[in-house]
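The values are calculated or read from the model by the stated rules, or taken from the named source; none is laboratory data. This one's a predicted model, so the numbers in the text were calculated from it and none came from an experiment. So basically every Cβ, Gly included, is an ideal-geometry build from the backbone, and we count neighbours across all protein chains shown. Quick note on the areas: whole protein, heavy atoms, side chains included, nothing else; ligands and nucleic acids left out. Shrake-Rupley method; radii C 1.70, N 1.55, O 1.52, S 1.80 Å.
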Amino acid sequence: MQPVQIDDLLNYRFLSDLSIAPNGELAAFVVKQGRAVENDYRSDLYLVRLDRPDARPLTSGGTDGPFVWTDDGAAIDFLTRRDNPECSSIARIRIDGGEAQPLGRLPHKAEALARLPGEAYLYTARVPISDEGERSDAADYQVLTEIPFWRNGKGFTDRRRLHLFRLDPGEAPEDLIDPALEVESFDVRAARVAVVAQRMTGKAPITDELWLYDLDAGTVKRLSHGRLAIDAVRFLSDDALVLVASEMSRYGLNENREVLRLDLASGELRSLTPGWDRSVGNSVVADCRSGGGPICRVDGDRTYVVVTERTSSFVVAVDPASHIEPVTESGGAVDAFDVRGRIVLTVELRSDRLQEVYRTDRAGRERLTDLNGPALSGRAVASSERFSVPSPGGAELDAWIVRPTAFDPAGRCPAVLTVHGGPRAAFGDLFFHEIQILAAAGYAVVYTNPRGSSGRGNDFADLRGKYGTIDVEDLMAVVDAAVDRYSFVDPDRLAVVGGSYGGFMTNWLIGRTDRFRAAVSQRSISNWISKFCTTDIGYFFNKDQIGADPWEPGGSDRLWSCSPLRHADRVRTPTLFIHSDEDYRCWLPEGVQMFTALRYHGVEARFVLFRGEHHELSRSGAPRHRIRRLEEIVAWLNGHLKEAERAPGEA
C-alpha cells in the first residue's frame, strides 16, 4: 500500500454542527470537503439515523449551513449563499426529499441561526456601527479607533460588531444589540434569549457581559458585568442558566473554566463543579477538522460538556447535585456532540480514523457513518507509539514517536520534533495529516505535551512568566529520551517544526541550541513587544502570559528578554518561515523580523508568504495553499536532513 499522500487532503470530509431532530430519530450535520479547482470547500447538510448506520446527503448547494430543525422535525431551515456569496439566504428542505425552498434573503452575511416561535428567526451578522463606510472614498482608507481593530479570520473589525438580529415574517431584520456590544454566544428558550457579549469602548476587556432578552415582554436585563470570562451559556430551565465560565482570579486568562448555575430570580451564581480542575472544551490539536459545535448542551436537568484530560477529549454529564459522569469514551477527540434522552451523538477523530459520527448509550457504542473510510482505503497509515518521559518538574510527560511509513529497523532515519500551538493545547492519539506526510517522507516524528499544555490541571498548564524555561526542559527531555530509546533515530539529523506557540518555541530553540539541522517556524512569535502592539490579542495575552507591558518599570526589558529575536544572532540553523498575510493573531512582522535577522547574520533562511490566509492556514486554509505548505515543509527538511533537494519553484 502507498503511504498517505499530501493531496489526500482533498478526499477528507470534515464533519461539524451535529444536531439531533426533535423526534430523536435522525440527526443532521454539516460536511465540508476541499475542492482543488475552486480552491475552497463545499459545505452540505447530511442526515444520519440514530438506530442504524445510514448516512445520506440532504443538500447539494455547496454553501449550506448552519441550520436548525423545524419544531416538528419534518424539515430543516438553513443558511446558504447559493445565490450571493456576500449575503445569506434562509432556505427550508424537507427531510423526506425534494428541493430546498427559499424563505428569504438577508441583507447580511449571517454566521449563526436560531428559531423563534411563530416562524421567526434569530441570526448573527457583523455590521458597521459608524457611517465611515458610506463615504464615497471609503475603499481608499481604513480608520482605526479601538483595539483590537482587526481579528484573525475576520479582517478589520474596527467599529464593526457581531450583532444579533430578529427576523419576523415579512419584516426587515431588527438589530437587538447595543452598538457597543460584540456578541460571542447566545441561547434561546421560547421567546427569551441569553446573550454573552463583550463591551467595546476603545479597548475590549477580557471579561464578558451576560444579558437576558424577553422578546415578548420587550425587556432587556444585564445579569453579569465585568466579573467573568464566559465561554458558553445555556438555558438550564425557565428559571436558570448554566454558564461555562471563570473569574480568572488564580491562573489568569487560561484558567480552567467551571460549570456555573445562575438563578434568574435571585441572581445567585453557584458552581456545579466545585473543586474540579479540568480543561473544558476540546483542546486536542488536529489538522483534519473544520468547524465544530457547542461545547455545552443541556438535556433534562443535566448539563453536558466536553472536557480534555491529558491526551483525549470526551463528554461528561453534570447533574444538579454536582455529580459528574463520563458519558462517552476517552481515547480520541470529540469535535461536536448532541444529547437526547441519554443518547449521546458525537463527531470524533480517532487514531486510525478520520471524523465519523458515533452513538453512545447504555447499550454501548456504535459508529453510525463511514464517510471518511474511502479516503484512507489502500493507504498505509503510520501508527504512533506512546512513551513516557520524566519531566524535570516531576510529572510524567506523555510523548509519542511515529516511525517512517517505510520503516527499516536496521537503518537510521532523521527525526522531527513537532511542537503544538497554544500553549494551552495537547497532542493526542489522533490521525494527523501533517505527521502522516512527514512519516511518508521518511521521518520519525516525535511530539509531546510539555508543561503549559492542556488536560492536566491549572498548575501543569500555568506557563505565565515561564515561556522558554520549563517548557524547553520538557521538550528537550523528550528529544533526549527518543534518541536514547529508539536506535533508529539519527541524533545528527534532527529538525524542529512548530506553529503559533510552536513557532515561538521553534524560534526560541534555534537561538539556544545548534542541535537541530533544520527548522520550520510557522505563524510564529519573535518579538513580544511588537506582538503586544500589533495583534488582535497581544495587548492582553502578552501582559497575562509574559507578565509585563512595555511601559511599566522593567516591562520592555522583560518582554525583550523573552523574545526569540533577542537571541537571533546566535542562530546557525537553516530555517523555513511560513506565514499568512492576514494572520492577525501572530502578525506578519513576527515572522519577517526573525527571517531578516537570520539573513542579516548569514544564516540560510526561506520565507513563504501565503496571501489571503490567516492563522488557521494549516487547519482550514484554501486546499491548494495547504498542499503547497506541506510541499514546502517536506522539501526544506529533505534538503537539509537528506540528500540536497531544491524547494518548490527553485532552479
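Would you mind counting up the charge near Ile627? Only other residues with Cβ under 15 Å from its Cβ, with Lys and Arg at +1 and Asp and Glu at -1.
Summing Lys and Arg as +1 and Asp and Glu as -1 gives -3.
If amide hydrogens are placed 1.01 Å from N in the peptide plane, which non-local residues have theirs closer than 5 Å to the one on Arg227?
Asp208
Counting other Cβ atoms within 10 Å, keep those with at most 13, restrict to DSSP loop, and tell me which trypsin sites (Lys or Arg not before Pro) in region 273-372 are left.
Sites meeting the loop and neighbour criteria: Arg342, Arg362.
How much FRET efficiency would the formula 1/(1 + (r/R0)^6) give for Lys154 and Ser388, where r is the Cβ-Cβ distance and R0 is 41 Å, rounded to 0.05?
0.50
At 1.4 Å probe size, with no ligands or nucleic acids counted, give the accessible surface of Trp560 in Å², nearest ten.
90 Å²
Ordered by residue, what ³J(HN,Hα) values in Hz, to whole numbers, does region 515-528 give under the Karplus form 6.51 cos²θ - 1.76 cosθ + 1.60, where θ = phi - 60° and Gly and Pro are x?
Running phi through 6.51 cos²θ - 1.76 cosθ + 1.60 with θ = phi - 60° gives 6, 9, 7, 7, 9, 10, 10, 10, 5, 9, 10, 10, 9, 5 Hz.
For every other residue with a beta carbon closer than 15 angstrom to the beta carbon of Gly452, add +1 if it is Lys or Arg and -1 if Asp or Glu, then tell me the sum.
In short, -2.
Starting from the Cα gyration tensor of region 25-110, take the square roots of the eigenvalues, sort them a ≥ b ≥ c, and report rounded, prolate or oblate (rounded when a/c is under 1.5, otherwise prolate if a/b is larger than b/c, else oblate).
Oblate, because a/c is 1.5 or more while a/b does not exceed b/c.
Using only the Cα atoms of region 556-651, what are the Rg and Dmax in Å?
14.6, 44
Summarise the accessible area of region 1-100 (1.4 Å probe, protein heavy atoms) by the percent that is carbon and sulfur.
The computed percentage sits at 42.
Please list, in chain and number order, the residues 5+ apart from Ala75 or on another chain whose amide H is under 5 Å from its amide H, with Hs placed from the backbone.
For Ala75, the qualifying residues are Thr70, Ile95.
Taking 0.36 nm per residue of sequence separation and subtracting the Cα-Cα distance, how much length would be gained by fully extending the chain between Tyr600 and Phe407, in nm to one decimal?
Here the segment from Tyr600 to Phe407 would lengthen by 65.5 nm.
Which residues' amide hydrogens lie under 5 Å from the amide hydrogen of Asp40, considering only partners 5 or more residues apart or on another chain, with H built in the peptide plane?
It is Arg35, by chain and number.
For Leu103 and Ser249, what is the calculated FRET efficiency with R₀ set at 45 Å and r taken between the beta-carbons, to the nearest 0.05?
Efficiency for this residue pair is about 0.45.
Could you state the number of Å between the C-alpha centres of region 534-569 and region 52-90?
Cα centroid of region 52-90 versus Cα centroid of region 534-569: 45 Å apart.
Rg to Rh ratio, region 376-509, alpha-carbon atoms and Kirkwood radius?
0.97
Rounded to the nearest 20 debye, what is the charge dipole size of the chain about its Cα centre when +1 sits on each Lys and Arg Cβ and -1 on each Asp and Glu Cβ?
Roughly 1240 debye, rounded to the nearest 20.
What net charge do the residues around Leu345 carry, taking every other residue with its C-beta under 13 Å from that of Leu345, with Lys and Arg at +1 and Asp and Glu at -1?
Once all neighbours under 13 Å are counted, the net charge is -3.
Spelling out what I want: for every residue of region 330-337, take phi, set θ = phi - 60°, compute 6.51 cos²θ - 1.76 cosθ + 1.60 (Karplus), and round to whole Hz; glycine and proline get x.
In residue order, the calculated couplings are 8, x, x, 9, 8, 9, 7, 7 Hz.
Kirkwood hydrodynamic radius for region 234-295: how many Å is it when counted over pairs of different Cα atoms?
13.5 Å
Give the accessible surface of the chain per residue, rounded to a whole number of Å², with probe radius 1.4 Å and ligands, DNA and RNA excluded.
39 Å²
From the cross-link list Lys32/Lys154; Lys466/Lys642; Lys221/Lys543; Lys32/Lys466; Lys32/Lys642, which pairs have alpha carbons spaced over 29 Å apart?
Lys466/Lys642; Lys221/Lys543; Lys32/Lys466; Lys32/Lys642
Size of the dipole of region 14-71 about the Cα centre, Lys and Arg at +1 and Asp and Glu at -1 on the beta carbon, nothing else charged, in debye to 20?
The dipole magnitude comes to about 180 debye.
Taking 10 °C and 1.306 mPa s as the conditions, I'd like the Stokes-Einstein D for region 102-203 in µm²/s, using the Kirkwood hydrodynamic radius from alpha carbon pairs.
Estimated via Stokes-Einstein, D reaches 107 µm²/s.
Dipole size in debye (nearest 20) for region 472-557 around its Cα centre, Lys and Arg Cβ +1, Asp and Glu Cβ -1?
300 debye
Quote the accessible area belonging to Asp158 in square angstrom, nearest 10, computed with a 1.4 Å probe and with ligands, DNA and RNA left uncounted.
Per-residue accessible area (Asp158): approximately 10 Å².
Give me a comma-separated list of calculated 3J(HN,Hα) values for region 586-600, in order, Karplus coefficients 6.51, -1.76, 1.60 applied at θ = phi - 60°, integers in Hz, x for any Gly or Pro.
10, 5, 3, x, 5, x, 4, 4, 5, 4, 4, 4, 5, 5, 4
What FRET efficiency, computed as 1/(1 + (r/R0)^6) with R0 = 35 Å and r the Cβ-Cβ distance, is obtained for Arg199 and Thr70, rounded to the nearest 0.05?
E between Arg199 and Thr70, to the nearest 0.05, is 0.50.
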